[in-house]
Amino acid sequence: MRPSRQRRLALLLAAVLVPVVALLVGPVTTASAATAFSDDFTDGDTVGWSKSGGTWTVVTDGSPAVRQSNAGSENARLFAGSSGWTDYLVQARVKPLSLGTGGQVGLLARASGSTRYYRLALLPGNQVQLQAVNGGAVTVLAGIVHPVTTGTWHTLVVEVVGSTVRGRVDGVFVGEVTSSLSGAGRIGLQTASASASFDDVLVRDNDVPPTTPPAPTHTPPPSPTTPPVTPPATTPPPSTPPPGTVVLVVATDGDDANPGTLARPLRTIQRAHDLAEPGTTIAVRGGTYAPTSTIKILKDGTSSQPITLTNYQGEKVVIDGENMPYTPGAVGSSIPRADRGALHVEADWWRFVGLEIVHGPYGIFGVDTNYGRYERLVTRDNYESGLHLQGASSGNRIINLDSYGNRDPRKNGESADGLAIKEGSGLDNRVSGARLWRNSDDGFDAWLFQSPILIEDSVAYDNGYNYWNLPDYAGDGNGFKHGGGNDPRPAVDHVTRNSMAWGNSAGGFIDNGNPGTLLFDRNTAWRNGKAGFDVSRSTSQLHRNLAVGNTPDVSPGSSTGADNSWNLGGDWPLVSTDPTTITGPRAADGSIPRSNFLRPANGVDVGARL
């Protein structure tokens, strides 16, 4: 499969904007091998797509999206990719705008011809169907009743592996079937007697071979009294920020009276923030910045001109909050909201790239903040959660985060998570490529967040041990905690896929009393202190998950599923129990390196693939 379209556009953009890019970045890195194609239409066109019928244009629909506006078209299609693509997952956000009788809006996979493909279709009457289309013949492979609302975004996922076809809508499993209709083909977007918007198209390649794993030498998690071990270096690589109308440079030897040029940089990030306007890029030179008060991010960017705070040319930038108030707070105290976080974010449309935040009263604390991108950050050794979002917060992306060693002496370890999205609501928040380890409470926590969160390609391990000898230790120690709260606890349908939890003091993946229908797809839980999957108080759906060596492996309650290790039965020896590759330095593009860690030795297709 070829590199993603966004990667190719980035190269073109770099050629056009040499003066800005040369100032900010080093060499451009290659895209992740697992991502074969992506398009969020922010470039304003459909270059790389081929049209067949309909009227297709890029519009603004909350963010840039491609729209088919001719509701009278009987068959409007937009194709991308290669006819040689075989095993892959394609997903997209889809918003039906009109849906006439007999109409449909769909996502296509393995399109081997203009009328031969698999289709996941939204239909009138709250019907969702996984179909095989061959000319005028449509075979319904699987279907469910699910709310299909015009004017509302829905997330569609189709996965094709060998002769197996799977579909999901909004995290809900539509079905898994065997079909020989098409063994390879392009992806597509389609409407019939309907109009719709499409956005955030992503194709993940299932053909990439794993690397050779190291010899199995894994050691169990240390006892609660073992001091923390220094983790491997995770310095983020250079990245290409979006071009802005203004570039402001910050350096440890700068002066806030300066104009913020490379020759005459500013001294503080706060001053750069105060001067920033939509489209500004703040490029921070390497070094340690130790302000005495919280850096407050309060100005909004826009969808077309976000504000970017990034490290300069991949230099290591550390924001050290040790001199701020509440580092740590007194036992039993609370931190005023305005003082939470070495970076305190109450603004929309920001991008944070390549920074290391340490010793803060929270690392990053965001509240009522929307459309933020948190990319290749390290949040470690803070006095509360490493990265914490709450309130009315939507559309945030957390990508390739490392968050570890966070603890909260003021609450005896009971509150500091690696990543927390809780006590609020907001649609379309997503986490990918996170590594969350050795935090006093949980790796990930969604307590009292009342909207679905998507977590994928992430790991959480060794959380909930008292590495800091805190008195009356109260850390929970779950890998991924999916909600909960005070009774009656809100029902929220979080989605977690292709992720791993191991060596945590408590559970691997837990519903925490969330009564919703959560989806757990192709995750792995290994040697956690309690249940690998505790979904006993929800109506969750679990598919293709692997649990080995937990206590117990699963606590299912009324939850259901198929093709999990506990459904299939038998023993589950593992190819490798050495996490060195996954926990070591990240790949050049910031992703978690691939290995055979925790893959079943019997070759059965269950569990995460990282």
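The values are calculated or read from the model by the stated rules, or taken from the named source; none is laboratory data. Keep in mind the model is a prediction, meaning the values are calculated, not measured. Backbone-built Cβ (ideal geometry, glycine too); neighbour counts: all protein chains shown. Accessible surface areas use protein heavy atoms only, side chains included; no ligands, DNA or RNA. Shrake-Rupley method; radii C 1.70, N 1.55, O 1.52, S 1.80 Å.
Residues being in a loop (DSSP other than H, G, I, E, B) and crowded, with 23+ Cβ neighbours inside 10 Å: count how many of those fall in the stretch 373-397. Walk me through how you get there before you give the answer.
Start the filter on the stretch 373-397 by keeping residues that are in a loop (DSSP other than H, G, I, E, B), which leaves 376-377, 381-386, 393-396.
Next cut, crowded, with 23+ Cβ neighbours inside 10 Å only: 376-377, 382-386, 393, 396.
Residues that pass the stated criteria total 9.
From Val140, Val94, Val133, grab the single residue that is among the β-branched types (Val, Ile, Thr) and closer than 15 Å to Gly175 by Cα. Show your work before the answer.
On the way: Val94 fails: closer than 15 Å to Gly175 by Cα; Val133 fails: closer than 15 Å to Gly175 by Cα.
Testing whether each residue is among the β-branched types (Val, Ile, Thr) and closer than 15 Å to Gly175 by Cα leaves just Val140.
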Among the residues of the stretch 363-372, is any in a loop (DSSP other than H, G, I, E, B), touching a helix residue (DSSP H, G or I) at 6+ places or on another chain (Cβ under 8 Å) and open to solvent by 10 Å² or more (accessible area, probe 1.4 Å)?
no
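Here is a check on your reading of the model: is Ala460 buried (at least 23 other Cβ atoms within 10 Å of the Cβ), among the hydrophobic types (A, V, I, L, M, F, W, C), closer than 21 Å to Val358 by Cα and at pLDDT 95 or above?
Working: buried (at least 23 other Cβ atoms within 10 Å of the Cβ): yes; among the hydrophobic types (A, V, I, L, M, F, W, C): yes; closer than 21 Å to Val358 by Cα: yes; at pLDDT 95 or above: yes.
Yes: the conditions hold for Ala460.
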Looking at Gln190 and the list (1) touching a Lys or Arg at 6+ places or on another chain (Cβ under 7 Å); (2) among the polar types (S, T, N, Q); (3) open to solvent by 20 Å² or more (accessible area, probe 1.4 Å), which single condition is not satisfied?
(3)
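Quick one: which strands (runs of 3 or more DSSP E) lie wholly within the stretch 48-110 and hold at least 2 residues that are surrounded by 14 or more Cβ atoms within 10 Å (Cβ to Cβ) and under 30 Å from the mean Cα position of the chain (by Cα)? Steps first, please.
On the way: elements: 50-52, 56-61, 63-68, 76-80.
Counting at least 2 such residues, we get 56-61, 63-68, 76-80.
Which of the residues belonging to the stretch 130-171 are of a type outside the set (A, V, I, L, M, F, W, C) and in a loop (DSSP other than H, G, I, E, B)?
Start the filter on the stretch 130-171 by keeping residues that are of a type outside the set (A, V, I, L, M, F, W, C), which leaves 131, 134-136, 139, 143, 146-147, 149-152, 154-155, 159, 162-164, 166-168, 170-171.
Result: Gly135, Gly136, His146, Pro147, Thr149, Thr150, Gly151, Thr152, Gly162, Ser163, Asp170, Gly171.
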Exactly one of these conditions fails for Gly475: (1) open to solvent by 10 Å² or more (accessible area, probe 1.4 Å); (2) under 19 Å from the mean Cα position of the chain (by Cα). Give me its number.
(2)
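In this structure, does Gly244 turn out to be modelled with pLDDT of 95 or more, touching a strand residue (DSSP E or B) at 6+ places or on another chain (Cβ under 6 Å) and assigned to a loop (DSSP other than H, G, I, E, B)? So that I can check it myself, show each step before the final result.
Details: modelled with pLDDT of 95 or more: no; touching a strand residue (DSSP E or B) at 6+ places or on another chain (Cβ under 6 Å): yes; assigned to a loop (DSSP other than H, G, I, E, B): yes.
Answer is no for this residue.
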Among the hydroxyl-bearing types (Ser, Thr, Tyr) and within 25 Å of the chain's Cα centre (by Cα): does that describe Ser558?
no
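Keeping to the stretch 330-347, report how many residues are in a loop (DSSP other than H, G, I, E, B), open to solvent by 50 Å² or more (accessible area, probe 1.4 Å) and more than 16 Å from Ile269 (Cβ to Cβ). Give the derivation first.
First, the residues of the stretch 330-347 that are in a loop (DSSP other than H, G, I, E, B): 330-336, 340-342, 346-347.
This time we only want the ones that are open to solvent by 50 Å² or more (accessible area, probe 1.4 Å), so: 330-332, 334, 336, 340, 346.
If we keep only those that are more than 16 Å from Ile269 (Cβ to Cβ) as well, we get 330-332, 334, 336, 340.
Of the residues in that region, 6 qualify.
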In the stretch 486-526, which residues are in contact with a Phe, Trp or Tyr (Cβ under 6 Å, 6 or more places away or on another chain) and surrounded by fewer than 21 Cβ atoms within 10 Å (Cβ to Cβ)?
Ser505
Restricting attention to the stretch 279-303, which residues are among the hydroxyl-bearing types (Ser, Thr, Tyr) and either over 30 Å from Ala65 (Cα atoms) or touching a residue at least 60 places away in the same chain (Cβ under 8 Å) (or both)?
Thr281, Thr288, Tyr289, Thr292, Ser293, Thr294, Ser303
